[in-house]
Amino acid sequence: MKYLVTFVGLLTFLSLAVASDDEPKHATPVSVTAATNLFKDGNRAKEEDRAILLLVSQEHCSFCVQIKQEVIGPMIRGGSYAKRLIIRELLLDTGSDVIDFNGSRRTNHDFSYDYHVTLTPTLLFLDGKGNELTEKMVGIQTPDMFYYYVEQSIQEALSSLDSQTKTH
């Protein structure tokens, strides 16, 4: 019995040590490159056969933070999409402007209206011309499955992009 208590105590200690090691990684907010010049990003996407994942968010949106920490952050850190995706964030509550896919300067709000974005977070999956490659994702409907749904949408967007490339 004494060994069992010691063993359980050791397991508890190890699990706490592992959890505390992981905490700083998850607590640190991920920095997603701001969408400032989508014309330039779009040209790069066309040249490099990449899709654009555009997170439309707000600074004080807890679900936006959750997506950045639990989905986009690991994608960026993992690097598995670096060759196929350009990941950008368009903040709606900063009063910023963006250069759109046509090279025109517009407010972030005006730009987001083109895609009928009314709620944050919204994920857009775009080609280099700004066309939607697959259906946008609005909000987080099922937190436990969200990463899976994002992964599915990315695969659909990349397949659509590959189909476009083959027909041109």
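Each reported figure results from applying straightforward, stated rules to the coordinates on display, with no laboratory input. Since the structure is predicted, the reported quantities are computational estimates derived from the model, not experimental observations. All Cβ positions, glycine included, derive from the backbone under ideal geometry; neighbour counts span all protein chains shown.
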Open item on the list: So for each of 138-147, 85-94 I average, over its residues, the number of other beta carbons within 10 Å; can you give me the resulting order with the highest mean first?
Closed with: 85-94, 138-147
Open item on the list: Cross-link candidates for Lys166: which aspartates and glutamates have Cα within less than 20 Å, leaving aside residues fewer than 8 places away along the same chain?
Closed with: Glu47, Glu48, Asp49, Asp127, Glu132, Glu156
- [ ] With r as the distance between the Cβ atoms of Glu59 and Leu119 and R0 = 25 Å, compute the FRET efficiency 1/(1 + (r/R0)^6) and round to 0.05.
- [x] 0.95
- [ ] In Å and from the alpha-carbon atoms only, list the Rg and Dmax of the range 31-167.
- [x] 13.9, 42
